[in-house]
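Everything on this sheet refers to the single structure shown next.
The values are calculated or read from the model by the stated rules, or taken from the named source; none is laboratory data. Keep in mind the model is a prediction, meaning the values are calculated, not measured. Note: ideal-geometry Cβ built from the backbone for every residue, glycine included; neighbour counts use all protein chains shown.
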Amino acid sequence: MIQSISSAQLASYRAHGQKREQERREYQLLRQQKGWFVARQSAQILKQEFRAKRVKLFGSMLYLKRIHRESDLDIAVEGLIDCQYFQAVTRLLDLSDLSVDLVQVEHINTKLLTIINQEGVDL
């Protein structure tokens, strides 16, 4: 037998759902703002300390609705010397608790490169 829900219970469920949705949106916005801040810092470090020619942010951080608790920073770099890659990643990871996925455009497949060129934002 299916039990009916009172109007008051239904209103309570809706209010709770709306509150959770609002909290999720606020979290996404704060995470995106933090992501952009760290991405700009990362670009500055890559260009100044590692002589990178070009740095782009791509991936979920560009799209508010795609951001979730595990969202990382997807950063494409051009001109980073191979032997400095791990040093650069370590330096970027020290900036915040956000995980960083640093990709060298010289070593990625054409499909990903196309996505980065179409959707990525220069930093």
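Is there a residue being surrounded by 12 or more Cβ atoms within 10 Å (Cβ to Cβ), of a type in the set (S, T, N, Q), in a helix (DSSP H, G or I) and touching a helix residue (DSSP H, G or I) at 6+ places or on another chain (Cβ under 9 Å) anywhere in region 3-14? No; the residues of region 3-14 include none that is surrounded by 12 or more Cβ atoms within 10 Å (Cβ to Cβ), of a type in the set (S, T, N, Q), in a helix (DSSP H, G or I) and touching a helix residue (DSSP H, G or I) at 6+ places or on another chain (Cβ under 9 Å). Can we say A43 is of a type outside the set (V, I, T), in contact with an Asp or Glu (Cβ under 9 Å, 6 or more places away or on another chain), crowded, with 17+ Cβ neighbours inside 10 Å and farther than 20 Å from Q118 by Cα? When the stated conditions are applied, A43 does not pass them.
Contact map, region 91-103: first residue farther than 19 Å from K53 by Cβ and in a helix (DSSP H, G or I), second residue at pLDDT 95 or above and β-branched (V, I, T), Cβ cut-off under 8 Å, separation 6 or more or different chains; pairs are L93/V100. Among residues of region 3-21 that are free of Cβ contacts under 8 Å to residues at least 40 places away in the same chain, those with a Cβ under 8 angstrom from a residue that is part of a helix (DSSP H, G or I), sequence gap 6+ or separate chain, pair up as I5/Y13. Within the option set G59, G79, being surrounded by 15 or more Cβ atoms within 10 Å (Cβ to Cβ) and closer than 30 Å to E23 by Cβ holds for one residue only, G59. Within region 109-123, residues that are within 14 Å of D74 (Cβ to Cβ) have Cβ atoms under 7 Å from residues that are of a type in the set (V, I, T) in these pairs: L113/V105; I116/V105; L123/V55, counting only partners at least 6 apart in sequence or on another chain. Scoring E119 on the criteria (1) of a type in the set (D, E); (2) under 30 Å from E23 (Cα atoms); (3) surrounded by fewer than 13 Cβ atoms within 10 Å (Cβ to Cβ) leaves a single failure, condition (3).
Are there any pairs, at least 6 apart or on different chains, whose C-beta atoms fall under 7 Å, with the first in region 56-79 and of a type in the set (F, W, Y) and the second assigned to a helix (DSSP H, G or I), and if so, which? If the second residue must be assigned to a helix (DSSP H, G or I), the pairs left are F58/I115; F58/I116; F58/E119.
Scanning region 36-76 for residues that are at pLDDT 95 or above, part of a loop (DSSP other than H, G, I, E, B) and small (G, A, S) turns up A52, G59. R31: part of a helix (DSSP H, G or I) and either within 28 Å of L112 (Cα to Cα) or under 15 Å from the mean Cα position of the chain (by Cα) (or both), yes or no? So R31 passes the test.
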